[in-house]
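Since the structure comes first, as C-alpha cells, the remarks are kept for the end.
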Amino acid sequence: MKSFFKYSVTLVSTLLFSASLYAHHSAAQFDFRNTVLVEGKVMEARFANPHMRLVLEVTDDARGTRDIEFEGHSRNNMRRQGLMPDMFTEGDTVTIRIAPMRNGNDGGYVTALRTPDGDEIGRVTGAD
Amino acid sequence: MQKKVPQFRVSTCLGLIVGILFFSIPVSAADKPDFSGSWTTYRGSGGAGAFAAPAGEIKLTAEAMKARQDFISVTEGTNHGAGNSCVGYGMPASVLGSGGYPMELIQRPEQLFSIYEAHNEIRRIYIGDEAEDPSTFFPERNGYSKAHWEGDRLIVETSRLKNQVDSRYPHSNQATIREEYYFDTPLEDGTRVLAAELTMIDPLWLEEPFVTTKRWQELSDYHVMTYECSEPLWLDEMEMLYKEAGLEMVQE
C-alpha cells in the first residue's frame, strides 16, 4: 500500500508539474537556467521539424578543436523567435547562446544568436 | 382524355421549392457562429506570455497508472517520444495543448476542420447529418468527431480513440470526449476569444471525468505554418543512397 501511494504521488506529480511532457522529448538534460555563449564555425545548419540541428566547429583550451552538435526549436518556432537559416550560413563564424548539457558533455540547446553588435536574437526558455 | 397540366404552375412550384431549399441552408448556417480563423493559446490583453496547460486534474485508475508508468520508465530522460517520431499529439492533447503551437479552424456548414500547426495534425469534425456511424471507422489518435449545434454552441463528441499512454492525458480506447465550443468575452481591443469546455470520460482508465476549459485568442495577422517533419529522415536516406552510388545529391 505504501509503495502504491508513493507510486501514485510520483505519477500525479509527473502529470501535473512536468511541463516537459508537452515538449517533443525530455528537456531535463539541458540547463536553461545557466546559459552560456559558444562561438564556432557553422559546419551544418538544418532547420527542420521537430528540431533544428546545428553543428559548429568549436575550439577551446580544455578540449581543443572538434565539431559539436546542438539542438534547437522546431523550424516553425525558430522562425517565431526571429531565427532564420540565412543567419547560419556554412563557413561563417557565429556566436550562439545555449542551454548546456547538465552532464558537462559537449552540446546543448540553442536559445539565441548573438549578433556582432552584441544584441541577441531569440529568447528560448525551454525545449519545444 | 389526358388532363393538361399548366406548365407555368409546375415551373412556379419547382422554383418555389428550389428557392426555399437554396435559401434555407445559408440562412441556418449564417445563424451560427463562424469559428474560422487562426488562434493561439489565450494570454489576455498583455500579449505574449508563458504557455500554460489548461487546469484540471486527471485521476487515473491503477490500470492506467501502470500503463503510464511503464511508458515513462522506458522513455524518461531519453529523446524518445511521439513528437520526435513526427507523430501528432492525439485527443485530447491536440486540442488542449499541441505543444503551444497555433491552431487554424476552417468552418463549413457541415464540417469544422481543426488544423493544429504542430505535426500538421488535422481533425475533421462532422456537423449534423454529415456525421456517419463512428463504429464504421478505424480507431485513431484523434478519434472520430461528430457535432451538433445547441444554440450558439457547437457540441463535439469524439469516440473511436486508441489506448494512449504517450500523452499528458492518458486514456483507453473506451474513452469519449465532449467539447463545447463558444465565443467567450472578447479582449478589450475586440480580439475574439474562443473557448472549449472539455469533458473526457473513460470507464477503464479514469477514476472520474476529466473536466477542463481551453481558451484561445485570435491571431488576426497570422498564417498558421505548415509543419514538415519526416522530410529529414527521407533526406538522410537519400543521402546514404547517393553516397553509396557515388553520385552528387542536389535535392535539399
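Which ones in the stretch A:62-83 are part of a helix (DSSP H, G or I), surrounded by 18 or more Cβ atoms within 10 Å (Cβ to Cβ) and not hydrophobic (A, V, I, L, M, F, W, C)?
If we filter the stretch A:62-83 for residues that are part of a helix (DSSP H, G or I), which is where we start, we get A:75-80.
So of that shortlist, the ones also surrounded by 18 or more Cβ atoms within 10 Å (Cβ to Cβ) come out as A:75-78.
If the condition is that a residue be part of a helix (DSSP H, G or I), surrounded by 18 or more Cβ atoms within 10 Å (Cβ to Cβ) and not hydrophobic (A, V, I, L, M, F, W, C), then A:Arg75, A:Asn76, A:Asn77 are the ones that fit.
Being in contact with a His (Cβ under 7 Å, 6 or more places away or on another chain) and farther than 24 Å from B:Thr75 by Cβ, is that true of even one residue in the stretch B:234-242?
First pass over the stretch B:234-242, keeping only residues in contact with a His (Cβ under 7 Å, 6 or more places away or on another chain): none.
Within the stretch B:234-242, none of the residues are in contact with a His (Cβ under 7 Å, 6 or more places away or on another chain) and farther than 24 Å from B:Thr75 by Cβ.
When you scan the stretch B:218-232, do you find a residue that is more than 14 Å from every other protein chain (Cβ to nearest Cβ), in contact (Cβ under 8 Å) with a residue 12 or more places away in the chain and not acidic (Asp, Glu), even just one?
Applying the first criterion (more than 14 Å from every other protein chain (Cβ to nearest Cβ)) to the stretch B:218-232 yields B:218, B:220.
Checking which are in contact (Cβ under 8 Å) with a residue 12 or more places away in the chain leaves us with B:218, B:220.
Still in the list and also not acidic (Asp, Glu): B:220.
Checked against the condition, which is being more than 14 Å from every other protein chain (Cβ to nearest Cβ), in contact (Cβ under 8 Å) with a residue 12 or more places away in the chain and not acidic (Asp, Glu), the stretch B:218-232 yields at least one hit.
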#### Entry: Among (1) farther than 23 Å from B:Ala64 by Cβ; (2) in contact with a helix residue (DSSP H, G or I) (Cβ under 7 Å, 6 or more places away or on another chain), the one test that B:Tyr169 misses
(1)
### Task
Go through the residues of the stretch B:191-200 one by one and say whether even a single one is more than 21 Å from B:Tyr101 (Cα to Cα), touching a Lys or Arg at 6+ places or on another chain (Cβ under 9 Å) and either modelled with pLDDT of 95 or more or of a type in the set (A, V, I, L, M) (or both).
yes
### Message
For a quick check of your reading of the model, give me the residue pairs whose first member lies in the stretch B:54-66 and is more than 9 Å from every other protein chain (Cβ to nearest Cβ), whose second is of a type outside the set (A, V, I, L, M, F, W, C) and exposed (fewer than 14 other Cβ atoms within 10 Å of the Cβ), with beta-carbon atoms closer than 8 Å and at least 6 apart or on different chains.
### Response
B:Thr61/B:Glu207
### Summary
Checked against (1) over 21 Å from B:Cys86 (Cβ atoms); (2) modelled with pLDDT of 95 or more, A:Asp61 satisfies every condition except (2)
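Looking at B:Leu247, is it more than 30 Å from B:Glu180 (Cβ to Cβ), within 11 Å of chain A (Cβ to nearest Cβ), exposed (fewer than 15 other Cβ atoms within 10 Å of the Cβ) and among the aliphatic types (A, V, I, L, M)? Let's see the steps before the verdict.
Details: more than 30 Å from B:Glu180 (Cβ to Cβ): yes; within 11 Å of chain A (Cβ to nearest Cβ): no; exposed (fewer than 15 other Cβ atoms within 10 Å of the Cβ): yes; among the aliphatic types (A, V, I, L, M): yes.
It is false that B:Leu247 is more than 30 Å from B:Glu180 (Cβ to Cβ), within 11 Å of chain A (Cβ to nearest Cβ), exposed (fewer than 15 other Cβ atoms within 10 Å of the Cβ) and among the aliphatic types (A, V, I, L, M).
For B:Glu207, indicate whether it is touching a residue at least 24 places away in the same chain (Cβ under 8 Å) and away from every other protein chain (no Cβ under 14 Å). Even if it seems obvious, please write down each step before you answer.
Details: touching a residue at least 24 places away in the same chain (Cβ under 8 Å): yes; away from every other protein chain (no Cβ under 14 Å): no.
So B:Glu207 fails the test.
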### Message
Here are the criteria: (1) within 24 Å of B:Leu204 (Cα to Cα); (2) of a type in the set (Gly, Ala, Ser); (3) free of Cβ contacts under 8 Å to residues at least 12 places away in the same chain. Tell me which single one B:Ser85 does not satisfy.
### Response
(1)
#### Entry: Every residue from the stretch A:84-108 that is within 14 Å of the chain's Cα centre (by Cα), part of a strand (DSSP E or B) and more than 18 Å from B:Asn84 (Cβ to Cβ)
A:Thr95, A:Ile96, A:Arg97, A:Ile98, A:Pro100
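For the stretch A:26-61, which positions are in a loop (DSSP other than H, G, I, E, B) and away from every other protein chain (no Cβ under 12 Å)?
Of the stretch A:26-61, the ones in a loop (DSSP other than H, G, I, E, B) are A:26-29, A:31-35, A:47-51, A:61.
Passing the criteria: A:Asp31, A:Phe32, A:Arg33, A:Asn34, A:Thr35, A:Asp61.
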### Message
I'm checking my understanding of the structure. Among residues of the stretch B:28-56 that are at pLDDT below 90 and in contact with a helix residue (DSSP H, G or I) (Cβ under 7 Å, 6 or more places away or on another chain), which one is farthest from B:Thr212 (Cα to Cα)?
### Response
B:Phe51
### Query
If you take the residues of the stretch B:143-170 that are free of Cβ contacts under 8 Å to residues at least 40 places away in the same chain and touching a Gly at 6+ places or on another chain (Cβ under 8 Å), which of them is nearest to B:Pro209 (Cα to Cα)?
B:Ser159
### Message
Restricting to the stretch B:203-227, give me the number of residues that are surrounded by fewer than 16 Cβ atoms within 10 Å (Cβ to Cβ) and more than 30 Å from B:Gln174 (Cβ to Cβ).
### Response
5
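The values are calculated or read from the model by the stated rules, or taken from the named source; none is laboratory data. Owing to the predicted nature of the structure, the values given are computational and were not obtained by experimental measurement. Here the Cβ is made from the backbone with ideal geometry for all residues, glycine too, and neighbour counts use every protein chain on show.
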